[in-house]
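Structure record follows, encoded as structure tokens.
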Amino acid sequence: MKALVAIFVSLILLSSGVMVISPAIAIPDNASDKAKVKVPENAVEIAPGIFSLGSVIHHGEVVEGLMVFHHRAGHSGGPGGGGGGDTTGDDSKCFTFLAKGAKWKGEAEPWIVNPSNSRGLTESDILTHLSANIEQWEDASGTDILGAGAETTDDLVADTTSPDDKNEVYFADVDSPGAIAVTIVWGHFSGPPFARDLIEWDQVYDDVDYDWSLDAPNDEGIQMDFDNIAAHELGHTVGMGHSPTDDTCLEQTMYPTAAFEEIIKRSLELGDRTGVSKLYS
Ligand SMILES: [Zn+2]
């Protein structure tokens with residue numbers, strides 16, 4: 001019956017001269033050779049868009065992993081929320097910690113980025129933009145959290161089953177409906193607070209489902225602003241969770257969702273700055 005209706009509608013469209021337009025988001029040709037970034041089968045969704053990757057033995061110690069998706073506002077992929085708000089209008093309360101307060105300790109670790117992308121972003125600028133966004137979090141925390149970044153042409157892999165001692169950033173297809181980007185962190189998330197820490201991070205930006213801008217997004221409602229998304233993802237890297245989802249927190253960088261052309265989350269807001277300052281105090 002549905003097929004008959006579809007044929008009937010098609011006939012009407014054809015006979016009335018209406019053009020059938022293909023979906024607005026085209027898949028770029030040169031994006032197909034990279035592996036899709038997927039949630040592993042044994043992962044458990046512990047909050048919307050946030051998955052526990054379980055525990056593994058790494059260098060003789062038990063470590064845990066988390067995979068956090070950043071979804072587009074209004075998409076059925078879910079808000080990935082930090083829970084209902086109890087901010088009572090106070091935006092300094094607009095923050096949560098990602099992994100029970102686990103944070104980076106000890107020597108700042110270097111990271112690598114493969115800036116190759118299918119959307120024409122200037123590859124030599126990606127490292128600079130990521131570094132500037134890391135600096136925002138470090139300035140707000142009063143701590144030198146991460147080490148220096150370096151470019152690579154190596155094929156990088158997001159570590160969804162166990163850490164590999166490399167902190168990796170790249171572009172690929174993030175295989176979750178509506179996902180703009182995903183950040184994975186590994187570390188010690190249980191035990192007393194002093195025993196909790198972060199030991200590795202990986203981050204992937206979806207250049208198959210999304211077009212990106214490095215300076216000003218166009219006004220056609222199809223581009224994601226790289227700094228708007230990177231500032232958020234790097235918040236997860238340093239240990240920040242999503243803000244509560246009440247309206248008080250809408251403009252916080254760690255609000256769980258983002259929209260096309262949005263740039264408000266490029267800069268950290270009061271909740272973001274208060275949160276990271278407390279985390280690293
Ligand atoms: Zn997020």
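Points worth noting:
- The stretch 236-260: number of residues that are within 9 Å of GLY271 (Cβ to Cβ) and open to solvent by less than 10 Å² (accessible area, probe 1.4 Å): 6
- Sole exception among (1) under 26 Å from SER118 (Cβ atoms); (2) among the hydrophobic types (A, V, I, L, M, F, W, C); (3) crowded, with 20+ Cβ neighbours inside 10 Å for ILE199, by number: (1)
- Members of the stretch 229-258 that are more than 14 Å from the ligand (Cβ to nearest atom) and either under 23 Å from PRO110 (Cα atoms) or not charged (D, E, K, R) (or both): THR248, LEU250
- The stretch 29-60, subset of a type in the set (Asp, Glu) and either modelled with pLDDT of 95 or more or part of a loop (DSSP other than H, G, I, E, B) (or both), residue nearest to the chain's Cα centre (by Cα): GLU45
- Members of the stretch 38-47 found to be of a type in the set (Val, Ile, Thr) and within 16 Å of the ligand (Cβ to nearest atom), listed by number: VAL39, ILE46
Yes/no matrix, rows are residues, columns are (1) over 20 Å from the mean Cα position of the chain (by Cα); (2) open to solvent by less than 10 Å² (accessible area, probe 1.4 Å):
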| residue | (1), (2) |
| --- | --- |
| ASN114 | no, no |
| ARG119 | no, no |
| SER131 | no, no |
| ASP144 | yes, no |
| VAL174 | no, yes |
| THR183 | no, yes |
| PRO192 | yes, no |
| SER213 | no, yes |
| PHE226 | no, yes |
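- Test for ASP165: is it on the phi > 0 side of the Ramachandran plot and either surrounded by 18 or more Cβ atoms within 10 Å (Cβ to Cβ) or charged (D, E, K, R) (or both): yes
- Checked against (1) more than 19 Å from ASN228 (Cβ to Cβ); (2) touching a residue at least 40 places away in the same chain (Cβ under 8 Å), ASP144 meets all criteria but (2).
- Residues in the stretch 48-65 that are within 11 Å of the ligand (Cβ to nearest atom) and open to solvent by less than 30 Å² (accessible area, probe 1.4 Å): GLY49, ILE50.
The values are calculated or read from the model by the stated rules, or taken from the named source; none is laboratory data. Being a predicted model, the structure only gives us computed values, none of them experimental. Here Cβ is always computed from backbone atoms with ideal geometry, including for glycine, and neighbour counts include all displayed protein chains. Note: areas computed on protein heavy atoms with side chains; ligands, DNA, RNA excluded. Shrake-Rupley method; radii C 1.70, N 1.55, O 1.52, S 1.80 Å.
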